[in-house]
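So the structure is just underneath, and the comments pick up after that.
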Amino acid sequence: MTDQFDWNLVRSFLAITRTGSMTAAAKRLKIDYSTLSRRIAALETSLGSQLFDRRTSGSSLTEAGERLLEMAEQMDQLATSAAQSIGDSKAQATGAVRIGTPDGFGTKFLAPRLGDLSDRHPDLTIELVAMPREFNLSRREADIAVSLTQPTEGRLHGRKLTDYELGLYASHDYLVNHPAVETAADVPTHRFISYIDDLIFSPELEYAHFVSPDLRPAIKSSNLIAQLNSTLAGAGLCVLPCFIAQTEPELVRVLPNFRLIRTFWLLLHSDLRNIARVRVTADFIAEQASKAQALFMPNGQK
């Protein structure tokens, strides 16, 4: 690298790789598109290599870009670690931390508890992304992720957050106005609410067949909160996490002996796990989950 090499140019390069586009990266960096384009051109000139293969369908990293990405991630971690250990000897949790979670966990469980985290760390900016999807921590889509599956590859650190129980639920009004559900064989005769098959983001959510192999859902949504709201409105039966359903007085558990157990995992990128803002947030999520075991597992461990 020449003496014209500038760390700010590398930050711009990282922003593009993490957001997936020049437009999104410019927005994150709070600069205009043309400024970002000039920065990347300057970086390529200083390195003497093209970093992006630009096509009409989008841009992808060249071989040189892939090599730089690995080194840039290490540089970013070193810079962050230096700021934490030298700039803040007490390792206070400051800056922004982004948490990626499934929609149900993030919206119904974590969001109401984030005020406590903010009270403890007033200089921390908490970004909660609660969506029905998995988050790629290697691309910095989030600093912390709650996942339905344990990581098997990449530089990720995972720990079990909690098991949680699911049951079959319907609204009180629905049950009053429809035939009784006494056995699993009765379920296919009722309207059923479930996921859209080809939009299920984790195999852990494929559980309709556990209720009955003859189920033909009449209402489908990729979003758990939408399923919950349909169930509350009396649209039919639905498999729901107990930590969500049992907080809704209108819902009644059907076939109480039917239960499924799934697991939430707390994931961190290995490069970030010791950064104060990430560490205290991850510890807070784990603490809250531990306190709420009766909510997640109302019938105890299976």
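The values are calculated or read from the model by the stated rules, or taken from the named source; none is laboratory data. Model, not experiment: these values are computed from the prediction. Reconstructed Cβ throughout: ideal geometry from the backbone, glycine too, with neighbour counts over all protein chains shown. We work out accessible area using only protein heavy atoms, side chains counted, and drop any ligands, DNA or RNA first. Shrake-Rupley method; radii C 1.70, N 1.55, O 1.52, S 1.80 Å.
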- Task: Quick one: check the C-alpha center-to-center distance for segment 189-254 versus segment 90-139, whole angstrom.
- Result: 26 Å
- Determine the share of the chain's accessible area contributed by carbon and sulfur atoms, expressed in whole percent, with a 1.4 angstrom probe. 49 percent
- Taking amide H positions as placed in the peptide plane 1.01 Å from N, state which residues far from His269 in sequence (5 or more) or on other chains have amide H under 5 Å from it. His157
- Message: I'd like the Karplus ³J(HN,Hα) series for segment 221-229: coefficients 6.51, -1.76, 1.60, θ = phi - 60°, whole numbers in Hz, and an x wherever there's a Gly or Pro.
- Response: 8, 7, 10, 5, 5, 5, 4, 4, 5
- Task: Kindly work out what percent of the DSSP beta bridges joining two residues of the chain are antiparallel, to the nearest 5.
- Result: 65 percent
- Under a Gaussian network model of the chain whose springs join Cα atoms within less than 10 Å, the largest fluctuation of Asp119, Asp283, Asp173 belongs to Asp119
- Task: With Cα Rg over 2.2 N^0.38 Å in mind, check [x] 1.21; [y] 1.17; [z] 0.94 and report the label derived from this structure.
- Result: [x]
- Gaussian network model of the chain, Cα within-10 Å springs - most flexible of Val176, Val211, Val187: Val176
- Query: How many nm is it between the label spots at Met71 and Glu287, if each spot is 7 Å from the Cα in line with the beta carbon?
  - Reply: 4.1 nm
- Query: If you keep only loop residues by DSSP, which chymotrypsin sites (Phe, Trp or Tyr not before Pro) in segment 155-208 have at most 10 other Cβ atoms within 10 Å of their Cβ?
  - Reply: none
- Non-local amide H neighbours of Gly95 (under 5 Å, H modeled in plane, Pro and chain starts lacking H): which ones? Thr125
- Please state the relative contact order of segment 177-302 as a whole percent: Cα pairs under 8 Å, 6+ residues apart? 24 percent
- Task: Please work out how much length the chain gains when fully extended from Arg28 to Asn177, using 0.36 nm per residue of separation minus the C-alpha to C-alpha distance, in nm with one decimal.
- Result: 48.5 nm
- Query: Which whole-Hz couplings ³J(HN,Hα) result when phi for each residue of segment 199-212 is put into the Karplus expression 6.51 cos²θ - 1.76 cosθ + 1.60, θ = phi - 60°, listed in order with x for Gly and Pro?
  - Reply: 10, 5, 8, 8, x, 5, 9, 8, 10, 4, 5, 6, 6, 6
- Cα gyration tensor of segment 162-302, axes a ≥ b ≥ c as square roots of the eigenvalues: rounded (a/c below 1.5), prolate (a/b > b/c) or oblate? prolate
- Task: Please identify the longest segment of the chain free of exposed GluC sites (Glu not before Pro), where exposed means a DSSP state other than H, G, I, E or B and no more than 15 other Cβ atoms within 10 Å.
- Result: 1-152
- Count the lysine pairs in the chain whose Cα atoms sit under 26 Å apart, keeping only pairs 8 or more residues apart in sequence or on different chains. 7
- Task: Taking amide H positions as placed in the peptide plane 1.01 Å from N, state which residues far from Phe52 in sequence (5 or more) or on other chains have amide H under 5 Å from it.
- Result: Thr62
- Note on the structure: Measuring from the longest principal axis of the C-alpha atoms of the chain, the long axis of helix 33-47 (C-alpha) lies at a number of degrees, nearest 10, equal to 60 degrees
- Got a sec to turn the phi values of segment 115-130 into Karplus ³J(HN,Hα) couplings, 6.51 cos²θ - 1.76 cosθ + 1.60 with θ = phi - 60°, whole Hz, x for Gly and Pro? x, 5, 4, 5, 4, 6, 10, x, 8, 9, 9, 9, 10, 9, 10, 9
